[in-house]
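The block underneath contains the structure these notes are about, expressed in structure tokens.
The values are calculated or read from the model by the stated rules, or taken from the named source; none is laboratory data. Treat the numbers as computed from the prediction; the structure is a model and nothing was measured. Cβ placement follows ideal geometry from the backbone for every residue including glycine, while neighbour counts extend to all protein chains displayed. Just the protein is used for accessible areas: all its heavy atoms, side chains included, with ligands, DNA and RNA removed. Shrake-Rupley method; radii C 1.70, N 1.55, O 1.52, S 1.80 Å.
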Number of protein chains: 2
Amino acid sequence: MMNAQDKIGYDAWLRYASIENGELREEYRACCSVIVITEQTKLLHTAARELAEAVGAMTGHKPEVTSVRDRQVPSVMIGIKGKGDTDGLGDEGYTLQTLEGGQEEAECIAIIGVSDRGALYGAFHLIRLMQMGEPINKLQVKESPANGLRIINQWDNMDGSIERGYAGKSIFYDSGGFVKDFTRIRDYARLLASTGINAISINNVNVHREETKLITAEYERTLSKVADVFGAYGIKLFLSINFASPIAIGGLQTADPLDPEVRKWWAERAEDLYRAIPDFGGFLVKADSEFRPGPFTYGRDHADGANLLAEALAPHGGLVIWRCFVYNCLQDWRDRSTDRAKAAYDHFTPLDGRFADNVILQIKNGPMDFQVREPVSPLFGGLSHTNQVLELQITQEYTGQQKHVCYLVPQWKEVLDFDTFAAGKGSTVDKIASGALYNRPYGGLAAVSNIGDDACWTGHPLAQANLYGYGRLAWNSALSAEQITTEWIRLSLGRDPVTEDVVSSILLRSWGIYESYTSPLGVGWMVNPNHHYGPNVDGYEYSKWGTYHFADHQGIGVDRTIGTGTGYAGQYHTQPSEIYNSLERCPDELLLFFHHVPYTHVLQSGKTVIQHIYDTHFDGVDAAAGLLAAWQTLRGKIDNAYFELVASRLTEQSEHAKEWRDVINTYFYRKSGIDDRQGRLIY
Amino acid sequence: MMNAQDKIGYDAWLRYASIENGELREEYRACCSVIVITEQTKLLHTAARELAEAVGAMTGHKPEVTSVRDRQVPSVMIGIKGKGDTDGLGDEGYTLQTLEGGQEEAECIAIIGVSDRGALYGAFHLIRLMQMGEPINKLQVKESPANGLRIINQWDNMDGSIERGYAGKSIFYDSGGFVKDFTRIRDYARLLASTGINAISINNVNVHREETKLITAEYERTLSKVADVFGAYGIKLFLSINFASPIAIGGLQTADPLDPEVRKWWAERAEDLYRAIPDFGGFLVKADSEFRPGPFTYGRDHADGANLLAEALAPHGGLVIWRCFVYNCLQDWRDRSTDRAKAAYDHFTPLDGRFADNVILQIKNGPMDFQVREPVSPLFGGLSHTNQVLELQITQEYTGQQKHVCYLVPQWKEVLDFDTFAAGKGSTVDKIASGALYNRPYGGLAAVSNIGDDACWTGHPLAQANLYGYGRLAWNSALSAEQITTEWIRLSLGRDPVTEDVVSSILLRSWGIYESYTSPLGVGWMVNPNHHYGPNVDGYEYSKWGTYHFADHQGIGVDRTIGTGTGYAGQYHTQPSEIYNSLERCPDELLLFFHHVPYTHVLQSGKTVIQHIYDTHFDGVDAAAGLLAAWQTLRGKIDNAYFELVASRLTEQSEHAKEWRDVINTYFYRKSGIDDRQGRLIY
């Protein structure tokens, strides 16, 4: 059990502070004095219970939940409208309306979902409005998600570790099995559902020995219980699977996707799983990637591999989510003709149209691997007959590992808003991912979780904003970063305007600041190998991972142009391709991703590359110190333990930023021999 | 149990091949038809048994062992002469003489030890002569060891791992406890004793939780059995101890060396240990080094710490071996005034004369950490009133990890022959280490073992030569590298002259070749962090370990001169100090250890630094390929499995040398911008 001190930030954005404004509190209390559910479904019960608890905590009066409406008492009615009347809301939409009362009838707030899941989202919407102190007496809300699939990927291992986890151990597993107490899993489900998440894969995409068995009878009973916990919040359970399972646990001699025995084996596994978990979501697959087994072993391609599983799941309505993170991870650093950035596009565009209807390709936002700055993957725009989801990384593997604050919503917004020009202007990534552009049956967003058993879930309390923001963007990618930020602050830290200003500024500037003192101008990868924390300019330079900057005494960058480089720039449609391919037009922040230039090359900013490196690194350290200073002004305004926890992380960030600055600046000063124009100390 | 195939190289230099020359075989058989021991002691029995087995295997006739000599039968007599008549042989010396027969008396070989341990060494000497096909009918040998202490340090952990071990798991421990079967430990004792080793510490100097308990009653019984195994071969058992033991396992609040309770506690532990193991050797201690606890915690110094343990052991004749590997391992790389190379000298010379008589300081050969090339530690020559042993590293941590062949005897010879000028010309390290120069009661050599449970003990069969060579040098540091090499080859691979030529050439050139394709000119440390395998020029450059090369676009090296550098060169006596301090006189191979120079600096060899780097790296790769080619000529001449094992390692070395070449050359080409004069391919 956690004690109060340990619970810092545990409630996250479902923190129901008592409403201080008496008038407002009374209004909320009055409007919500009774909660009526119109049907007896699990999700309507969840919705009513969540709303009752929230209202109770915020107003001091917990409303009664009933199934019979007394028309003379103001109430919140939670019901299901059914698909027939949905005005294009899809099956997860909802309306939220204040129905004015009359002579015989009290005012009523109606939360009507197209499905009971929609109603649950409506209830969380109403809760959010009250948390933010919004009026609820004239509600006219109509909402439906932009994306059908809004999934979270856990990279949890059954030994309790989390790959790229920076917030403690797994809340799912311990010592090789599932945890005994599911309380924390349920609380996680609440948090996710409140932002609109509707699916979760609960084991690492690198599926190890024990995890391979998750699809067997051994784990049926436990998985069914876990599925129930998530199911009560409208979240479908997915499992990452091992493509070699037929051999590893099936006793077969092959995992060849075209082998009849293999197909039969997977079909049986699917049947077993759906018998135990009727609303099971499907499989997430990392195959032929970083030493994971896959169809290549049998001379088959990714379509063969994905369709094998799709065939097994189709009778039950299940999905195959097939990751596109496929590249040669045994590259020779001497070989400049092979370009890892090109790999996903080269592997998957030839297969466009060959995937079954219940297959979805999961594509990382960039062509490399969640660097602080990358261009958008050209695979978005390279597929028009294939379901796709955009994969983001909430866990801050390359962006400060939740020791540094790095609010990623602005980065994700840039990705979602990127215009691929695939079907003319306006062919933005969000429209491709959602399926809207090509009218695909499935689409959405996926993201790697940043939570663990740490008290505040995310190690750094401010990193909660990334998890929240991901859910909100997955629901509605048109929301601005500012809107999401404001919401998160009000929900998590209250409605003090000074706090809001300060925290908002910290969050919205943080990505840029992190970028400024780490690897410059889009080149990426200047981190320590393996754990990826801290500066190491040559850390991935002479490696097998396809991750190079080619810095010499004259210049730096990767020539990915069409004429003289690897040709990667040609994987984009004409408009972005021409920009990236042009030394003059390529945006500064991606210059070294696309071009090899001398240190004396003058950027669009007017600075030389070398001076840009020096300046951003000195400025970045100052800015990091500024984040801490800004936070310090909030002492007394927020819970002290929370305050101190954030302050200690910001202090660490501020110190570590200096290490980044000095290593990067020293490296380039020693290599280029070019002095800093401002004569600052470089070692 | 190992099968025949698994046993490749298991017998090492105690491989008793049948003598092919019939005449010689008959001579040996005749001379050794009976073995007579003159007293009943454990070691004389061991000596007789070893000799009987050897003669049996080599001649086909295993001699009888008896205690009654029949003067008419040719025999080998093994006996003890006693200290009175030893002609300055010390208590471990022996004579080995052929006593001609007479009318009534047959010829006899007399192995007479000053002690029974001496007799055992004499028996192994006789065995060695027969293995090498030497005549034994006119023996007039007198031998005694140059060094009193000839100790092996195992860095084995009780979980079965070995720190810096490259030959499998521990032969001592498994899964947190001792192994059940001591056969392999006994076979190790035989190998060690046959080279003259007389002491062994059996646990890692980094003493972890379970290992801390080795000095408690819990392990008494087992330790006593292990001590018996080694004792039968004249090898004393030492334990590495945790300086914080009084707290960790003693229930005390402090480990302060001046605290009476602490002193009492250690005295009791010593009493207990000697009750269980009457010939226990003593303690090996790594304190206040790389996060290990030590006297600094209590404001005490190393003399206080060592004397605490010395006081506890003195009543029982035990020794404290105190390591001098003490430096700041949390250094700021920006700080150029602190020099790790200076640390041992700075810490220990002020304490000269303050250590108890049964304390021995164990000093690494160089001031850094077993790099392929370092100067000799100036601490040799800095202490005249303190017992010292020279610490060498047989396990190839920085010298190819037993994947590369790197025969270290030539390196050790350079160290032993180095003249410190501490007491005038001729004050060589071997005389300081042995105690001869300052007439110290204790002295000798220590070395970190390179063995594990690998079939051939050392991973790379040729690495056995390092273990053998260490033992032989510890016994007699005047032996030349060539002599030792010839011995090892004849004992291990037989007496084919072609084999001897080829293997001798491989071994004797190997250190130089390894040096040529790795870090240049004595600068060291261009390895991957942590595991230390493979090239990484900046791997330790921006680290906390005090290990830098300071390469920029103009030059490289560490200025350790007296005038402009860290002053390290001033820690030597005048003669070597002046040489190292001089840019002109400093030997090329240590230039970058002592001086920061431009890449265009011309070496004594006539080449520039940068051209030297290019040339040695290209040549080194060719030479590594040459080692493989040379070995290939031996196919059919030696056991095929042994041949293939070595061939596969040499192939790996040859490939890996290219990786070294290309990373190092590319790094310096990119940084300096200076072309290779020969225009070879640099990436």
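Of note:
- Contacts under 6 angstrom Cβ, first residue in segment B:338-359 being polar (S, T, N, Q), partner surrounded by 16 or more Cβ atoms within 10 Å (Cβ to Cβ) and at pLDDT below 95, 6 or more apart: B:338/B:331
- Which numbered condition residue B:621 misses (of (1) over 26 Å from the mean Cα position of the chain (by Cα); (2) away from every other protein chain (no Cβ under 12 Å); (3) over 17 Å from residue B:399 (Cα atoms)): (3)
- Within segment B:609-656, considering residues that are among the β-branched types (Val, Ile, Thr) and in contact (Cβ under 8 Å) with a residue 24 or more places away in the chain, the one farthest from residue B:519 (Cα to Cα): B:638
- When B:60, B:84 are screened for being modelled with pLDDT of 95 or more and over 19 Å from residue B:42 (Cα atoms), only B:60 passes.
- Here is the figure for segment A:539-549: residues that are in contact (Cβ under 8 Å) with a residue 40 or more places away in the chain and either closer than 21 Å to residue A:517 by Cβ or at the interface with chain B (Cβ under 8 Å from one of its Cβ atoms) (or both) total 4.
- Residue in segment B:561-574 that is away from every other protein chain (no Cβ under 14 Å), in contact with a Leu (Cβ under 6 Å, 6 or more places away or on another chain) and not acidic (Asp, Glu) present: no
- In segment A:662-670 there is no residue matching the filter, namely being within 19 Å of residue A:537 (Cα to Cα), among the aliphatic types (A, V, I, L, M), open to solvent by 40 Å² or more (accessible area, probe 1.4 Å) and within 12 Å of chain B (Cβ to nearest Cβ).
- Of the listed requirements (1) in contact with a strand residue (DSSP E or B) (Cβ under 7 Å, 6 or more places away or on another chain); (2) surrounded by 20 or more Cβ atoms within 10 Å (Cβ to Cβ), residue B:165 misses just one: (1).
- Among the residues of segment B:308-349, those identified as within 21 Å of residue B:149 (Cβ to Cβ) and either open to solvent by 50 Å² or more (accessible area, probe 1.4 Å) or in a loop (DSSP other than H, G, I, E, B) (or both) are B:311, B:314, B:315, B:316, B:317, B:318, B:324, B:325, B:326.
- Test: residue in segment B:411-419 that is part of a strand (DSSP E or B), surrounded by fewer than 22 Cβ atoms within 10 Å (Cβ to Cβ) and in contact with a strand residue (DSSP E or B) (Cβ under 8 Å, 6 or more places away or on another chain): yes
- Residues in segment A:429-480 that are out of contact with any Ser or Thr (no Cβ under 8 Å at 6 or more places or on another chain), polar (S, T, N, Q) and surrounded by 23 or more Cβ atoms within 10 Å (Cβ to Cβ): A:458 only.
- Looking only at segment B:213-246, residues that are open to solvent by less than 10 Å² (accessible area, probe 1.4 Å) and either of a type in the set (A, V, I, L, M, F, W, C) or over 23 Å from the mean Cα position of the chain (by Cα) (or both) come to 14 in all.
- Of all residues in segment A:490-507, those that are among the polar types (S, T, N, Q) have Cβ atoms under 8 Å from Cβ atoms of residues that are not in a helix (DSSP H, G or I), 6 or more apart or on another chain, in A:492/A:9; A:492/A:15; A:499/A:634; A:499/A:637; A:499/A:638.
- Boolean, residue A:426 is crowded, with 24+ Cβ neighbours inside 10 Å, closer than 28 Å to residue A:508 by Cβ and either touching a Phe, Trp or Tyr at 6+ places or on another chain (Cβ under 7 Å) or not aliphatic (A, V, I, L, M) (or both): no
- Candidate set from segment B:247-286 (those that are among the aromatic types (Phe, Trp, Tyr), touching a Leu at 6+ places or on another chain (Cβ under 8 Å) and not in a strand (DSSP E or B)); member that is surrounded by the fewest Cβ atoms within 10 Å (Cβ to Cβ): B:265
- Total residues in segment A:554-588, condition open to solvent by 60 Å² or more (accessible area, probe 1.4 Å) and in contact with a Phe, Trp or Tyr (Cβ under 9 Å, 6 or more places away or on another chain): 7
- Sole residue being under 19 Å from residue B:34 (Cα atoms) and either touching a strand residue (DSSP E or B) at 6+ places or on another chain (Cβ under 8 Å) or of a type outside the set (Lys, Arg) (or both), chosen from B:118, B:93, B:88, B:102: B:102
- Selection status of residue A:485, open to solvent by less than 10 Å² (accessible area, probe 1.4 Å), within 18 Å of residue A:398 (Cβ to Cβ) and either of a type in the set (Val, Ile, Thr) or at pLDDT below 95 (or both): no
- Single condition residue B:510 does not satisfy, out of (1) out of contact with any helix residue (DSSP H, G or I) (no Cβ under 9 Å at 6 or more places or on another chain); (2) open to solvent by less than 10 Å² (accessible area, probe 1.4 Å); (3) not hydrophobic (A, V, I, L, M, F, W, C): (1)
- Whichever residue in segment A:645-661 is touching a strand residue (DSSP E or B) at 6+ places or on another chain (Cβ under 9 Å) and of a type in the set (D, E, K, R) and, among such residues, is farthest from the other protein chains (Cβ to nearest Cβ): A:661
- Answer from A:420, A:399, A:395 - the residue that is among the β-branched types (Val, Ile, Thr), within 19 Å of residue A:342 (Cα to Cα) and in contact (Cβ under 8 Å) with a residue 40 or more places away in the chain: A:420
- Looking only at segment A:18-38, residues that are closer than 20 Å to residue A:490 by Cα, in a loop (DSSP other than H, G, I, E, B) and not charged (D, E, K, R) come to 3 in all.
- Residue in segment A:350-371 that is more than 27 Å from residue A:256 (Cα to Cα) and open to solvent by 40 Å² or more (accessible area, probe 1.4 Å) present: no
- Selection count, segment B:171-208, where residues are open to solvent by less than 10 Å² (accessible area, probe 1.4 Å), of a type in the set (Gly, Ala, Ser) and not in a helix (DSSP H, G or I): 3
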